[in-house]
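Any read-out appearing in this document is the output of simple, stated calculations on the displayed coordinates, not a laboratory observation. This one's a predicted model, so the numbers in the text were calculated from it and none came from an experiment. Every residue, glycine as well, gets a Cβ built from its backbone with ideal geometry; the counts of neighbours run over all protein chains shown.
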Amino acid sequence: MTASAPARRTITVLPGDGIGPEVVGATVRVLQAAGAPLDFENGVAGGEAFKKGIGSGVPRETLDSIERNRCVIKGPLATPIGKGEKSANVTLRKLFETYGNLRPVRELPGVPTVFAGRGVDLQIVRENIEDLYGGIEHMQSPGVAQSLKVVSKKGCEKIVQLAFEVARSEGRHKVTCATKANILKLSEGMLQRTFDEIAPEYPDITAEQMLVDNCAHQLVIAPEQFGVIVMTNMNGDILSDLASGLGGGLGFAPSANMGADCAIFEAVHGTAPAIAGQDKANPTAVLLSAVMMLRYLGLFDHANRVENAVLVTLESGVHTIDLARGKPAVGTTAFTDAIIANLGKKTDNWMVRSGTPLHFPPSITPAARVIARDRKVVGCDVFVEADTDAATIGPKVEAAIKGSALKLVLVDNRGTQVYPSTGSARTDAVDVWRCRFVRSDGQPVDDATILDLLARAATVAPWMHVEKLQVFDGVDGFTKAQGQS
Ligand code: NAD
């Protein structure tokens, strides 16, 4: 225990649905038995809130409790399917701007995995707000859907800083930035470039770039090579689930949703309705989430005490039914009792990763806007709907826009240039075409010129989406089409 007693903190506890009350109840018992200086304020979220007609799944009193306490331990929440209610989890993450999702994966004693004995111990840091998860989608025509992948400089800076700070606080020596920047040069590329800019501020940590597809491969081939992996939202979503399989699966996968001044700790698993209320659930994932919470609160001695007790219990062969695989199993309550009895014990074979306080640096980009010294609009992309073919669309649009200050430089279909012809007749076109227009004289393009162009283009093909082509400080703010020279 620390020399001076740490200040008491109040934590909001959301027991949640299904097995939630059992595994969260077990966790609170262990925290109390470990002497953590915490007070617990219970709140409602999920199923019970939906039953009361609260569409967001999170009542006002619960939001007030989180506002006050800024630290939450929660059980899984059920989202009724097809009834119009929102996910209470998403409500919480968005309301409290928990922009970083941490998913540690480590080998645990007695938990069989393909990689047992290799010392897997990594941390995935996933951006939690932006990317495709803004859910901005449109049907461009009845047969063509589009999702917007939104990645901001500010979002990249925050997640990269968090990744390095987590590495430093956990004594990890390497951070890998896994992106798809080879294809998505602007959005994924922004994370890649931001990582390169920030890495020199952490000279004590090795910074490594990797393509995310290779990262998936490497996670399965040699997961022990990784320390921290930072990713955009969707890549992180997929690879963190892959990674939880490296560590023994859902019953053992903890997580934290981190914001600048609020954090929500929860297991990765759901409500497991089939075993709810039967004293069968494995509380380890929530317990390990609580260990993350204790470290977040600077209660390192308590964190080590609880984590050591979990390790000793698992090593001694006391297992819940999900792990027993034919051997005798204990229930949630007896498993929790065993952990409490093991508080204060350590195993010689398994170490805890003790740490230092997590430091949140001030935002690098305080304003929401990143300012370019010089910017100009050089043209526009116009997405039109036309039931035509690659040979016809270009000349048709060129004829329609005669007299405009803009000229057609290319037409593509789902990103592949079809006009002027690149010599490939293989593009199996759909009915949405992107037409790229620029000014022949290189002068800036004003809105009136674009509106005039749209009126002309609409005479041959209805347009549904226009994007300005901008150049910021001499750098194109748009990509080329596949096949464009
Ligand atoms: P699930 O994680 O609840 O269950 C998947 C399988 O793992 C089941 O066989 C279950 O019995 C087992 N399992 C999960 N946790 C366990 C534990 N601690 N101990 C022993 N066995 C465990 O996933 P699901 O069935 O896809 O989802 C059920 C519900 O949970 C859905 O309503 C879903 O929306 C919700 N959910 C909530 C969260 C969350 O609140 N963070 C996360 C995932 C799913």
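Tell me which residues, restricted to region 264-284, are part of a loop (DSSP other than H, G, I, E, B), near the ligand (Cβ under 6 Å from one of its atoms) and closer than 17 Å to Val310 by Cβ.
Selection gives His269, Ala281, Asn282.
Give the residue, chosen from Leu184, Leu219, Leu162, Leu191, that is among the hydrophobic types (A, V, I, L, M, F, W, C), in a loop (DSSP other than H, G, I, E, B) and more than 16 Å from the ligand (Cβ to nearest atom).
Leu184
Quick one: which residue in Asp337, Asp322 is acidic (Asp, Glu), in a helix (DSSP H, G or I), over 26 Å from the mean Cα position of the chain (by Cα) and farther than 23 Å from Glu107 by Cβ?
So the residue among Asp337, Asp322 that is acidic (Asp, Glu), in a helix (DSSP H, G or I), over 26 Å from the mean Cα position of the chain (by Cα) and farther than 23 Å from Glu107 by Cβ is Asp337.
Considering only residues of region 1-47 that are assigned to a loop (DSSP other than H, G, I, E, B) and of a type in the set (Val, Ile, Thr), which is surrounded by the most Cβ atoms within 10 Å (Cβ to Cβ)?
Ile19
Tell me which residues, restricted to region 378-403, are touching a Pro at 6+ places or on another chain (Cβ under 9 Å), within 21 Å of Val445 (Cα to Cα) and part of a loop (DSSP other than H, G, I, E, B).
none
Can you tell me which residue within region 34-72, out of those that are touching a residue at least 12 places away in the same chain (Cβ under 8 Å) and of a type in the set (Lys, Arg), is nearest to Gly298 (Cα to Cα)?
Arg70
Kindly provide the set of residues from region 415-451 that are surrounded by 16 or more Cβ atoms within 10 Å (Cβ to Cβ) and either assigned to a helix (DSSP H, G or I) or free of Cβ contacts under 8 Å to residues at least 60 places away in the same chain (or both), ordered by number.
Result: Val418, Tyr419, Thr427, Ala429, Trp433, Arg434, Cys435, Arg436, Phe437, Thr449, Ile450.
Only one of these is more than 10 Å from the ligand (Cβ to nearest atom) and either among the polar types (S, T, N, Q) or in contact with a strand residue (DSSP E or B) (Cβ under 7 Å, 6 or more places away or on another chain) (or both): Asn69, Asn89. Name it.
Asn69
So, in region 100-154, exactly how many residues are of a type in the set (Asp, Glu) and more than 28 Å from Glu170 (Cα to Cα)?
Here the count works out to 1.
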